[in-house]
Amino acid sequence: LQSALPLIWYTVIADINPATLKADIYVNGFRKLTGGTFRNPVSSLDRLRFSTSDPTAASSFFFNDISVSQPVATLSEIFDEMGYDAIPRYWPITAAANTSALIRRPPSTTARSLQLSDTNAPGKVEVWRNFLAQRDAFTA
């Protein structure tokens, strides 16, 4: 959708509709994708997943204020109740060697955040969280 600059926070919002198999994506309030189609057909969605994926570069990403809402809030996570350098509770992790998913303090804020760190060229790290299955339009 766009490149990401280091040490800059981005607000990413997805308006997702499993019934139509389409989604709109906004970055910092600007629509970056309109009516994007799903890769595979689904009848509902019940998982949010974050992953590193570039096999040629080291990467590190911070995530905070994660939510799935509308019509009702089914997931809300800010990580503030978790200790620093802890494995995030309720978020299963798959991690290759030299990768990690830990609660950390990002350089630009004092809030706790989930950091995905990947210094392994062929490997990746991913975390996910299940939520109440959504069949109708929702926002994440």
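Here are the numbers for the structure shown:
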quantity	calculated
Cα-centred dipole magnitude for region 15-120, charges only on beta-carbon of K, R (+1) and D, E (-1), debye, nearest 20	200
Accessible area per residue, Å², region 34-140 with all protein chains present, probe 1.4 Å	58
Farthest toward positive dipole pole in region 1-99 [+1 Lys/Arg, -1 Asp/Glu at C-beta], among SER67, ALA19, LEU48	ALA19
Whole-number D in µm²/s for region 1-67 (Stokes-Einstein; Kirkwood sum over Cα pairs; 20 °C, 1.002 mPa s)	153
Evaluated at q = 0.14, 0.18, 0.27 Å⁻¹: base-10 log I(q)/I(0), Debye formula over Cα of region 51-109	-0.50, -0.79, -1.29
Of the trypsin sites (Lys or Arg not before Pro) in region 1-67, those whose Cβ has at most 11 other Cβ within 10 Å and which sit in DSSP loop	ARG39
Quotient of Cα Rg and 2.2 N^0.38 Å for the chain, N being how many residues it contains	1.08
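The values are calculated or read from the model by the stated rules, or taken from the named source; none is laboratory data. Because the structure is a prediction, the values reported are computed rather than measured. When we count neighbours, we look across all protein chains shown, and the Cβ atoms used for this are built from the backbone with ideal geometry, even at glycine. To get the accessible areas, we keep the full protein, side chains included, count just its heavy atoms, and leave off ligands, DNA and RNA. Shrake-Rupley method; radii C 1.70, N 1.55, O 1.52, S 1.80 Å.
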